[in-house]
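To start, the structure itself, in structure tokens.
The values are calculated or read from the model by the stated rules, or taken from the named source; none is laboratory data. Remember, it's a predicted structure, so these values are computed and weren't measured experimentally. We place every Cβ from the backbone using ideal geometry, glycine too, and count neighbours over all the protein chains shown.
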Number of protein chains: 4
Amino acid sequence: MRNQIQSKIDDIYLRHLNNTAGSPASYIPELAKADPRSFAIVVTTIGGEVFSVGDSEVLFSMQSTSKPFTYGMALQDLGRVFIMSKVGVEPTGEAFNSIVELEKNTHKPYNPMINSGAIAISSFIKGSSFEDRLKNMIEFFSLFTEKKIHVDEKVFESEKNTAHRNRSIAHLLRHFGVIDGNIEDSLDLYFKQCSFSLNTIDLSLMAATLANNGVNPKTNNKALNQEYVGDILSLMFTCGMYDTSGKWAYSVGIPAKSGVSGAIFGVVPGELGIAVYSPSINEHGHSVRGIKVFQDLSRELNLSIFRK
Amino acid sequence: MRNQIQSKIDDIYLRHLNNTAGSPASYIPELAKADPRSFAIVVTTIGGEVFSVGDSEVLFSMQSTSKPFTYGMALQDLGRVFIMSKVGVEPTGEAFNSIVELEKNTHKPYNPMINSGAIAISSFIKGSSFEDRLKNMIEFFSLFTEKKIHVDEKVFESEKNTAHRNRSIAHLLRHFGVIDGNIEDSLDLYFKQCSFSLNTIDLSLMAATLANNGVNPKTNNKALNQEYVGDILSLMFTCGMYDTSGKWAYSVGIPAKSGVSGAIFGVVPGELGIAVYSPSINEHGHSVRGIKVFQDLSRELNLSIFRK
Amino acid sequence: MRNQIQSKIDDIYLRHLNNTAGSPASYIPELAKADPRSFAIVVTTIGGEVFSVGDSEVLFSMQSTSKPFTYGMALQDLGRVFIMSKVGVEPTGEAFNSIVELEKNTHKPYNPMINSGAIAISSFIKGSSFEDRLKNMIEFFSLFTEKKIHVDEKVFESEKNTAHRNRSIAHLLRHFGVIDGNIEDSLDLYFKQCSFSLNTIDLSLMAATLANNGVNPKTNNKALNQEYVGDILSLMFTCGMYDTSGKWAYSVGIPAKSGVSGAIFGVVPGELGIAVYSPSINEHGHSVRGIKVFQDLSRELNLSIFRK
Amino acid sequence: MRNQIQSKIDDIYLRHLNNTAGSPASYIPELAKADPRSFAIVVTTIGGEVFSVGDSEVLFSMQSTSKPFTYGMALQDLGRVFIMSKVGVEPTGEAFNSIVELEKNTHKPYNPMINSGAIAISSFIKGSSFEDRLKNMIEFFSLFTEKKIHVDEKVFESEKNTAHRNRSIAHLLRHFGVIDGNIEDSLDLYFKQCSFSLNTIDLSLMAATLANNGVNPKTNNKALNQEYVGDILSLMFTCGMYDTSGKWAYSVGIPAKSGVSGAIFGVVPGELGIAVYSPSINEHGHSVRGIKVFQDLSRELNLSIFRK
């Protein structure tokens, strides 16, 4: 299988290398600066083997690919009962940054993969101070990698300064009693998490850690209690690709999460972690080449969860 | 495993036997007559073994449990390109009978598991006449069972006479150009399919046929091309339980479909077909005891798609 | 004032004669055949004086300009309590043919000026048979004119055959229990009323009858009990121009109603009835030249209800 | 008429004195402290005569009764073209504090009478600093009264501290580019305006100033250019009572505006200004006794705009 994976990703890499559709996210100025030519595919097995092609060491910010991990952290710290009382687990049919559903329906976020849910989840991360909460979050995320995660402060500042809609969402969450405490701190924590900087190899290892029931295949650290891994994968599967989650399930069939920085990671439970980076995104906020790679890889390596 | 499954379903059957929550669907008079005490659990393996407990031979109408099969028939007859151009594959966040999404958004049904999508799909079933179209549909469904499916005409009449909302949906589909031709015929075909009568053993075999890549484990008939089985399972997983699909994925993790008659079937790919019947339903239209059985069975036999 | 009105409408007529923006309604084939050059302005005083310019004898179908009159008929026949229990009096913020509000909110039509409300109102018109109900409606409408109203059967047929959305609305009204009885009869009655054929002089007299507290200034027939005239004018004012009612109140300030055939009539209580006909409509379904004429006339003759 | 008005309001006052339905607004703690027994009716003619009954000197905060005046101030300062480009003039069909419409539809507020529109309008008020902007606003408002308006700082603080939803709205307005600059300053200005403190006599005089084409009947100050008075009255008529504006037009027929402090004022153009104060409000945010008084007064003194 080793040779098969490497030759497959080499092949798929070349197939899509010249696809220049989409463009880097423009609403956060710092993201707009990404080099649209960057392109990397990395697969990590639960045994710790790494297959890689392209610009796999180029750094990018996690953006929404951070959401499943913070969700796992919150579940582990606060328990399912509390978290489920605050944030639902249903797909929404609306875009990732929608406010409508929050107002019209249950007055709680539909799920932790959309911004409203993720902002709420970040607000629940514990610590004695803002710095302490951030430190705890960085430590948690770093369990999934081989190195300490750091924050890209330029992205953080850029994000913070253009976050009118997220700020609006946070105040509405506060209004409905979903979140409490200092709104600006919670937003900052969310922006910090979105600004966690890593490369495609790192993200692939984070995915492999989920594929390996929460144990980091490289460090053998237990990053997350096994019981919460299924919660995360289930939510990634039904909600991870926002209002294209259904199409993703249909055409890829792998629990996955995308970020507007152009990263997508996917988890084949008990087998592989996969990460793709290519900053040009489509109107749903997904990496254009990332989608193509996952579709091809799933079909050609028979990775869909619904295969026999 | 044989003994394990039988003792497990016996155990779960007794556990929920006295749960009297919910009540039979009231909006279709004929369904309201169901005996709320009826309760059956049947598991069929892809090898054709059947494990059964309770009233497994009590007949009921398929209602929405028919939707995945008609969808498969339409895919096989008309191809993915046409079907995808007419009916989406996204979860909606709204109830099964919602019109709102249809008007507000894409002007095509979100997916084939909600009524608008299913009515459209039925309208595409081919034949030289209404009778011929119905005959074709019955023949297709019967490939998944051991006996010829028949229509419960009382349920059909009851359904047809109270179908104001479905009729409204059909005319709006016609307005948006999703469907064409004789609206009443298409609605009648849809109501016929909802009125297909079978028992829990039959439904379990239909599920096992999907688990077995489209080949009926009892008759060895090829009921559906393998390539469309994944399409169906994917849609059942993300949309099969309507606006509780996310919670179902989270707590059960098995592609499944429910009907307001009180039936739910689930598919464990490459392993099992499961069907539960108990007519008392909750406010989302799902069998109350059916949900409990699937939650317990999935957890205790480790059936979630996200288990290693 | 006599000379002033005539010279004013002559002047405004010429001013807008060459405005060719918009086009005749296309979704009802028979309406699409209207001559876009047709243009008429007629003002009738409560004393029965008529001022007219342009093609004031060209026939057109009433379409939605019929709605306020049917509403008055239903109020007079069935009383405010019943009618208010079935159809609201609030503006909606949505288009005239919206279904969304009906499903999402109160499950009763927002007001009798949008299609859902008007279809409901037509369904309440009494009679021993469909023919009798139609006869009663024609007689009622004819009280507002000098001649017997007749139905343009070509328009009726055209309307009936393309009415998928209205049919959808009617079935949803039936589902929510707003209307009852034979849906097709109620729809037919609604389409008949929309197909009532008259010219701009007639419509201006109908408006003048409302301006004259329900008494026809030409025949002195009491067409409508005075107590219901205010109800109608109030609804025309807040809802008569659909989702542009606010802008109309702002820029014209006269209770008015438009129809997709290109007619608009307005009522200056205690003074004038005004009708304009010009078949090219805008995206809201209002006559393009009709709007211009009313804006100019209101400003230049100081007709807004908010003038001192 | 003098005797008639006084005896009429005395009569109506007694009729509703013991109506204890509703309760003071609870979501702003300071408003919850209002004495629910307070009740006042004041009518001021355009000749400056004042008819009063009840607690007409009890102070209250203007809340949303301030919105029409700030709208007039913005129109006068910035012109119709700019203001209309930022805030619409359509009724919404949604509650006063809705966010949904803002996101779903035009991305600009439907009208200046709902919170989103009013917050935008306040943000446009000019001045060299926050203090200067507030000073300008106070001076403008004071032109409509006989004394200088002051701010109830306790209400302001209470409002500011519980304004999560309004803060959410403001950030969404910022996101859509409706407003700019310092969000907190704009919100503070809006909260200050809502906290303007006056009594029922004052508010009645403000109404009479609008009835008198913008000239204060007591001081003869020109408070507002005549050309903008109609704009305000038109918006009060179609949107002033939020999602009950249609019913208000129907049953009262007078341009009016209510505030959650329990005040309602109405304008009979060319005749009267009317103000009622009674702090117990209903679920729409309108004074319960205020509505009753206006309904009776309109019917019994024949004040509806649709009377002949």
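Here is how the numbers come out for the structure above:
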item: Matching entry among A:ASP185, A:ASP180 (being away from chain D (no Cβ under 14 Å), of a type outside the set (Ser, Thr, Tyr) and surrounded by fewer than 24 Cβ atoms within 10 Å (Cβ to Cβ)); result: A:ASP185
item: Residue among D:LEU143, D:LEU134, D:LEU172 that is surrounded by fewer than 23 Cβ atoms within 10 Å (Cβ to Cβ), more than 27 Å from D:LYS33 (Cβ to Cβ) and either in the same structural domain as D:GLY88 (by TED's automatic domain parsing) or of a type in the set (Val, Ile, Thr) (or both); result: D:LEU143
item: Residues (without any contact (Cβ under 8 Å) to a residue 24 or more places away in the chain and closer than 16 Å to D:GLU283 by Cβ) located in segment D:16-31; result: D:SER26
item: Checklist (1) under 19 Å from C:TYR13 (Cα atoms); (2) more than 12 Å from every other protein chain (Cβ to nearest Cβ) applied to C:ARG299, failing item; result: (2)
item: In segment C:1-44, the residues that are within 19 Å of C:LEU59 (Cα to Cα) and among the small types (Gly, Ala, Ser); result: C:SER23, C:ALA25, C:SER26, C:ALA32, C:ALA34, C:SER38, C:ALA40
item: Any hit, segment A:177-188, residues being under 29 Å from A:SER278 (Cβ atoms) and either of a type in the set (Val, Ile, Thr) or in contact with a helix residue (DSSP H, G or I) (Cβ under 6 Å, 6 or more places away or on another chain) (or both); result: yes
item: Search result, residues across segment D:150-169 that are surrounded by 16 or more Cβ atoms within 10 Å (Cβ to Cβ) and away from chain A (no Cβ under 12 Å); result: D:VAL151, D:ASP152, D:VAL155, D:PHE156, D:SER158, D:GLU159, D:LYS160
item: Condition met for A:SER258 (modelled with pLDDT of 95 or more, of a type in the set (S, T, N, Q) and closer than 18 Å to A:PRO112 by Cα); result: yes
item: Long-range neighbours under 9 Å by Cβ, at least six apart or interchain, first residue on the phi > 0 side of the Ramachandran plot within segment A:282-301, second part of a helix (DSSP H, G or I) and modelled with pLDDT under 95; result: A:GLY285/A:TYR242
item: Residue, nearest to the other protein chains (Cβ to nearest Cβ), within segment A:250-271, restricted to residues that are touching a residue at least 40 places away in the same chain (Cβ under 8 Å) and of a type in the set (Ser, Thr, Tyr); result: A:SER251
item: Residue within segment B:48-65 that is more than 30 Å from B:ASP180 (Cβ to Cβ), more than 14 Å from chain A (Cβ to nearest Cβ), surrounded by 15 or more Cβ atoms within 10 Å (Cβ to Cβ) and of a type in the set (Asp, Glu) present; result: yes
item: Boolean, C:GLY285 is away from chain D (no Cβ under 14 Å) and at pLDDT below 95; result: yes
item: Flag if C:THR209 is farther than 30 Å from D:MET236 by Cβ, at pLDDT 95 or above and more than 14 Å from chain B (Cβ to nearest Cβ); result: no
